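The values are calculated or read from the model by the stated rules, or taken from the named source; none is laboratory data. The structure displayed is predicted, hence computed values, not measured ones. Glycine gets a Cβ as well: all are built from the backbone with ideal geometry, and neighbour counts include every protein chain shown.
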Amino acid sequence: MTANAKTKANRLINEKSPYLLQHAYNPVNWYPWCEEAFNRAKTEDKPVFLSIGYSTCHWCHVMERESFEDQEVANLLNKDFVSIKVDREERPDIDTIYMDVCQAMTGHGGWPLTIIMTPDKKPFFAATYLPKNSRQGVNGLVQVLPRIHQLWITERDMVLNSSDHISDYIKTRDENISSSVISSEIFAKAFDQLASNFDEVYGGFGRAPKFPSPHNLLYLMRYYELQGEVKALEMVEKTLQSMYQGGIYDHIGFGFARYSTDRYWLVPHFEKMLYDNALLAIAYLEAYQLTGKELYARASREIFTYILRDMTSPEGAFYSAEDADSEGVEGKFYVWTEEEIISLLGEEDGAHFCRLYDISKDGNFEDKNIPNLIKGMIDEDARQQIEPVREMLFNYRERRVHPHKDDKILMAWNGMMIAALAVGARVLKDHNYLKAAEKATAFILDQMRREDGRLLARYRDQQALYPAYALDYVCMVWALIELYQAGFNSRYLEIAVELNQDLITYFWDEGQGGVFLYGQDGEQLLTRPKEIYDGAIPSSNSLMIMNFLRLSRISGDISLEQKAEQAIQLFSGKIKEHPAAYSFFLASALNYFHPGKEIVIVGDKQDPASLGFLDKINSRFMPRALVLFKAGGDNEFIDRIPFLQEMEKIDNQATVYLCNKNTCLPPINSLEAFNQQLMQN
């Protein structure tokens, strides 16, 4: 809501979050999450109304327009409650805990998340979107709020008992994680579950709504590489091709939307998230390594084009998301009429484009058209011919009112995109991607790290805030490892080791193992959970295991492998229930059960022979391999790694040392011999 002559700003006007600022002129007397709000609730003996969402959430906008901009609802909230707004992307700790509450109480979750709780932060009511007035079986705020106020006044003991039971249940659930010994059969079980849920006709998993779930694809590619299971690769290719053909992909400006509302990938929920595009870019890059198909390389290049053009700050870091809505209408920015396209392109080019991209007079979405290739992919020649036309449409679309852009910079999501760009630089041999990744990393380490070295989770408008969460740390460690693999600047490995140690200091559970969601120095909330479910984003523990195993192999620090093993065992009881829901965890665990190759190149980084070895490595799909480069003579971090001490060039030529399955092969300096080693091991 924007300011006008009749509105007065509430306390959210002093915040940096785009989501909170959207609510700064609501008539609701909002507080940000702060002790002042809870102290007021205690003093005035009122329950707390907590609303959690994010700036590009369509239904959050709907609830704001319907209820939070409405004076009648505001009067009820201001009179009988203390109201708090939280941006879930800034405070995933708060969101995770109260989302668990909602799912436990109602059986489902989502945003906007609505919680009513005691001044001691103990919840007793949970819901997601609520309309202003009851309709279609959904209770409305105008009916719910007075009823809860009445219960608070007349049935206080019942309310408090309920809040105690709910809080105790959530705490107990987080504390009692059943562990057991994980076996290799779990990987086959996860494959079987994914296969049984696979859509043979349109790709993806399940029916509608259908999410990209790139970590499912990353797992299946690793399963194929290990087991030779052709069905796994077929599922990956069918899904990647179908998504790229569908309307979930922006064929005019590139980039993927968050999910498809239908089975066919045609009608997206039009918001675009940074993390989806990062993880999908990696999936397409790995598919390109596996198959050599140019489609997958193009898809990843186009994702990077979108990110570097539209989602990159002047300083080089990456913005969070773009909204689904523009001018208050979902998808308005992205859809077209046949008449509009023909008038822009002319009869011949316009009709040709309409045939290719399913544009018709009747439309395929609410009398308009979402460009898509579901009826048939176009070949490379046709694509090159259509490119000038696409650019014309893009330039025209740029003059439309753009969707809102959430321009805050989140550590974890930036880490994912840095990792993706680093992989892209390696696989596509494009140094520009490495430069972009390094620029973003420099910004984060300079602007989002305190003087004592502690990372901070969010940056916006020259302010970094909130002690970083476990996910922030594991994503940045992942990014730094990938940066090293892309350019062999050992400083990135050194920082990765530093941040990984900080992760252990702030987040590691010395008793059971695993990392907590927020640090021991963070605000202590109702409970301190550990993330393990791989939802839209891989969990912090899934990524932690991958990082620990890789850094253990790089540095020789066996304690990291032992911690990874402890975490795998701790969570295996939970994962056995439904392994397909933990696909990134299992992809990480493969590094424990099936350690990959260690490849060390000793030589000059600019030597054509060294580059030839690297080209051979980067063209192959070896997801568990670690590649180190020893240039020698400069006392770098890499030269201090014990197992590299004795590795030297043979005959003063670039030399490769390859180890696999705890066995090292003789050093070689012939590209042909190296290729033979890779094929045989």
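For region 486-515, filtering for residues that are among the polar types (S, T, N, Q) and in contact with a Leu (Cβ under 8 Å, 6 or more places away or on another chain) leaves 3. Evaluating G228 against the criteria (1) among the small types (G, A, S); (2) in contact (Cβ under 8 Å) with a residue 40 or more places away in the chain; (3) over 18 Å from I537 (Cβ atoms) leaves one unmet condition, (2).
Would region 266-283 turn up any residue that is of a type in the set (A, V, I, L, M) and assigned to a loop (DSSP other than H, G, I, E, B)? Yes. Among the conditions (1) modelled with pLDDT of 95 or more; (2) farther than 30 Å from Q22 by Cα; (3) not aromatic (F, W, Y), the only one that K368 does not satisfy is (2).
Restricting attention to region 419-447, the residues that are farther than 23 Å from Q606 by Cα and more than 19 Å from the chain's Cα centre (by Cα) add up to 5. Among the conditions (1) surrounded by fewer than 22 Cβ atoms within 10 Å (Cβ to Cβ); (2) not in a helix (DSSP H, G or I), the only one that S51 does not satisfy is (1). Going through (1) among the charged types (D, E, K, R); (2) at pLDDT 90 or above; (3) under 30 Å from F584 (Cβ atoms) one by one, D604 falls short only on (3).
In region 522-551, the qualifying residues are those that are part of a helix (DSSP H, G or I) and aliphatic (A, V, I, L, M), and the one that is nearest to G109 (Cα to Cα) is L543. Looking only at residues of region 538-558 that are at pLDDT below 95 and of a type in the set (A, V, I, L, M, F, W, C), we find that the one that is surrounded by the most Cβ atoms within 10 Å (Cβ to Cβ) is I554. Scanning region 316-369 for residues that are among the small types (G, A, S) and surrounded by 22 or more Cβ atoms within 10 Å (Cβ to Cβ) turns up A317, S320, A321, A324, G331.
The set of residues from region 306-335 being touching a residue at least 40 places away in the same chain (Cβ under 8 Å) and under 23 Å from A382 (Cα atoms) comprises Y306, Y334.
Checked against the criterion of being under 23 Å from H58 (Cα atoms) and among the charged types (D, E, K, R), region 143-154 contains not a single residue that satisfies it. Considering only residues in region 500-531 that are surrounded by 22 or more Cβ atoms within 10 Å (Cβ to Cβ) and among the aliphatic types (A, V, I, L, M), the one that is farthest from F629 (Cα to Cα) turns out to be L517. Filtering L344, L373 for residues that are more than 28 Å from the chain's Cα centre (by Cα) and of a type in the set (A, V, I, L, M) leaves a single hit, L344. For the residues D157, D120, the requirement of being at pLDDT 90 or above, more than 23 Å from Y54 (Cβ to Cβ) and assigned to a loop (DSSP other than H, G, I, E, B) singles out D120.
Among the residues of region 600-626, the ones that are closer than 24 Å to Y284 by Cα, touching a strand residue (DSSP E or B) at 6+ places or on another chain (Cβ under 8 Å) and not in a loop (DSSP other than H, G, I, E, B) come to 4 in all. In region 55-76 there is no residue that is buried (at least 22 other Cβ atoms within 10 Å of the Cβ), under 23 Å from G519 (Cβ atoms) and within 29 Å of the chain's Cα centre (by Cα). With respect to E44, determine if the residue is within 25 Å of W152 (Cα to Cα) and charged (D, E, K, R). Against the criterion (within 25 Å of W152 (Cα to Cα) and charged (D, E, K, R)), E44 qualifies.
G519: in a loop (DSSP other than H, G, I, E, B), at pLDDT 95 or above and either under 25 Å from E636 (Cβ atoms) or touching a helix residue (DSSP H, G or I) at 6+ places or on another chain (Cβ under 9 Å) (or both), yes or no? Against the criterion (in a loop (DSSP other than H, G, I, E, B), at pLDDT 95 or above and either under 25 Å from E636 (Cβ atoms) or touching a helix residue (DSSP H, G or I) at 6+ places or on another chain (Cβ under 9 Å) (or both)), G519 qualifies. What residue, among those in region 223-278 that are more than 22 Å from N369 (Cα to Cα) and acidic (D, E), is surrounded by the most Cβ atoms within 10 Å (Cβ to Cβ)? Among residues in region 223-278 that are more than 22 Å from N369 (Cα to Cα) and acidic (D, E), the one surrounded by the most Cβ atoms within 10 Å (Cβ to Cβ) is D276.
Just one of the listed residues (Y25, Y19) is of a type outside the set (S, T, N, Q) and in a loop (DSSP other than H, G, I, E, B), and it is Y25. Of all the residues in region 84-115, those that are part of a helix (DSSP H, G or I) and of a type in the set (A, V, I, L, M) number 6.
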